[in-house]
Each structure stands twice: as structure tokens, then as C-alpha cells.
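K.L.:
Starting off with a structure, shown below.
The values are calculated or read from the model by the stated rules, or taken from the named source; none is laboratory data. Quick caveat: nothing in here was measured; it's all calculated off a predicted structure. Cβ placement follows ideal geometry from the backbone for every residue including glycine, while neighbour counts extend to all protein chains displayed.
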Amino acid sequence: MPETIVYNRERHGLPYSKGLMAQSLSASGLSPERSYQLAQIVERRLDERTGFDIAVDQLHELVEEVLLEQVGENAVRRFHEWQRLDRLDRPLIVMLAGSTGVGKSTLATMLAARLGITRVIATDVIRQVLRAFFSREFMPSVHYSAFEAGKAVDLVVAPDDDRDLVGFARQAESIATGVEAIVERACLERTPMVLEGIHLVPGALRDELHDRCVAIEAVLTVGDEELHRSHFAMRGGHRPAERYLDRFEQIRKLQDYLVGRAREEGVAVIENDSIDRALPRLMDLVLDSVSRVSSSETR
């Protein structure tokens, strides 16, 4: 059977793709498995039509019919909200913060896949670049892990200051310049992106950059200490758990600091007690934010 061609207003067309449709449905909050099932149903409905082409708007109407029948009104609303993001002139930038070992990298990768975003950048990469360009003597804080940055505080601190937090704050401030440069480039290119890292302190991104993108911030946490410890035991590769567990007090301290800053700045705090629960929460946060922004800009 000939493929159905989906064409735009300029009559440029491409064959209908179950994979691309499943990606769009997944971006609206459905699981990848369910999204693919629905994309197959859409394909069957297209095969039942007369003619072998369809306009993009008509395809979206068909998808909404399938969603309403198979899932319900909320799924239709989510799909419609996600489509509105394409009409915005600003790129989506998701900034996922959290202390060491709370699952930032895993969730950032999964979220990006759901949203169809191909660019995922960790702030640890920025720190590594700074290490290569600046000596330990010139910029000592970036030559330590975030939870060990207190070792770089070689000046006498005030009695009420916390050496670990002072060292981390200096490291985060140094890395913030690189973060802003990356966001600036994404704004210029209108490229969506997911940033993840402990250094994404809530409220640190300049207002000018916030205005040029759809910036969505969240802080991941693991409230249960034993569950948090177990995250390190499950890590593979060349990162022994003992190194993290020996500095577990500092890691938890940085988590408390980031959560406190999130509360002050009105940034969402998401408990990662289970990836299967945390990912839908993140998806809801993104879709709700997109809906608010698109509504305000299309009035």
C-alpha cells in the first residue's frame, strides 16, 4: 500500500512516520510504549482514508480524535499544548539541578528523549573545560568535585560561614559563566536543550536570558538518606562508592542548600524516590510551563 504523504501549507511533504508521531505523543506525556501503539492506530486510520496525502492540520485533528477515543480529554489537551510550543520564537531550555547522586543524568537523558531534544549538557563538562584552561593556583575551586570544593577555601572564613558551602558557591559562580554562554548560543540558534548539574543554582540565570528562552528550572532531591546512599552503590564505571559515601554529609548539605534556594526562588523541587514517578512529574512541569507561556504569548 502506498505511504501517506503529510504536507504543509507550502505543499512540501514527507511520508507519515510512526516513529516521529510516537515521539510527538511521548512529548505530550504518554509512555513510549503507549505512544507507539497510538501512532500505529493513526497509521491504520490513514490507510482507511481515500487518497494518499493529508495536510498537517488534518493529521493533528486525526491524532486528537484517536487520543480522545483511546486515552481521554486530558491527553488531547496535553498534545494540543505541546504543539503550541512550535509557534513560540524562543527555545525550550530545561535546567535540572540537584546534589550528587540524585539521578540527574539519568532523568535528564530520559526527559530529553521524551521531548525529542538531542542536546543534553552536564555542568561537569563545563568544569572540566575550566580545569583545562585555568590552573589550580588561578581557579582552585574548579579542580575539586562540588562536594569537596571546601578544600579550595584557603582563606580564613567568618565563624558563621560554612567552608563547604563557600567553596561550592565559588565553584558554581565560576561555572555559571559557561552555563550562560551555552544558553546564549541556544537562544541565538533557537535550539532546545536540557542542562543538568549540581551547579545550576536556582535563580542564578540572568533575567535577560530568561526572557529569550522558555527556561524551566527544577531541583531533584532524594529525601530518604538510605535510598540516596544506595544510588552510589549502584553506580558503575570507575567511580567507587566509597569516595561519595565518605563525603555523604557534604553531599546532603549541598542538597539542603539547593532545596533552600529553590524554595526562595519559587523553583519546583521534585522527589526522585522512583524514576517511574519522577519522570512524569518532570514532564508535567514542562508541559504546564509551556502551556502558560504559549497562552500568554498568543493572547
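K.L.:
Out of region 168-186, which residues are more than 16 Å from the chain's Cα centre (by Cα) and in contact (Cβ under 8 Å) with a residue 40 or more places away in the chain?
P.N.:
Phe168, Gln171, Ser174, Ile175, Gly178
K.L.:
Right, another one. Checking Val120 against (1) of a type outside the set (D, E, K, R); (2) closer than 18 Å to Leu20 by Cβ; (3) assigned by TED's automatic domain parsing to the domain that holds Leu195, only one condition comes out false. Which one?
P.N.:
Only one criterion is unmet by Val120, namely (2).
K.L.:
What is the residue count in region 115-134 for residues that are in a helix (DSSP H, G or I), among the basic types (Lys, Arg) and over 19 Å from Ala204 (Cβ atoms)? Can you show your working first?
P.N.:
As a first pass, look at region 115-134 and keep what is in a helix (DSSP H, G or I): 115, 123-133.
Then drop every residue that is not among the basic types (Lys, Arg), which leaves 127, 131.
Filter once more, keeping what is over 19 Å from Ala204 (Cβ atoms): 131.
Residues in region 115-134 being in a helix (DSSP H, G or I), among the basic types (Lys, Arg) and over 19 Å from Ala204 (Cβ atoms): 1 in total.
K.L.:
Let me confirm something: among Ala108, Ala112, Ala97, which residue is within 22 Å of the chain's Cα centre (by Cα), modelled with pLDDT of 90 or more, within 16 Å of Val194 (Cβ to Cβ) and not in a helix (DSSP H, G or I)? Lay out the reasoning, then the answer.
P.N.:
Values: Ala108 fails: not in a helix (DSSP H, G or I); Ala112 fails: not in a helix (DSSP H, G or I).
Testing whether each residue is within 22 Å of the chain's Cα centre (by Cα), modelled with pLDDT of 90 or more, within 16 Å of Val194 (Cβ to Cβ) and not in a helix (DSSP H, G or I) leaves just Ala97.
Yes/no per residue for (1) among the basic types (Lys, Arg); (2) closer than 28 Å to Gly203 by Cβ; (3) out of contact with any helix residue (DSSP H, G or I) (no Cβ under 7 Å at 6 or more places or on another chain):
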residue	(1), (2), (3)
Glu69	no, no, yes
Asn74	no, no, yes
Phe79	no, no, no
Trp82	no, yes, no
Leu85	no, yes, no
Ile93	no, yes, no
Thr100	no, yes, no
Gly103	no, yes, no
Thr109	no, yes, yes
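K.L.:
Which condition from (1) within 28 Å of Asn272 (Cα to Cα); (2) not in a strand (DSSP E or B) is the one that Lys151 breaks?
P.N.:
Answer for Lys151: the failing condition is (1).
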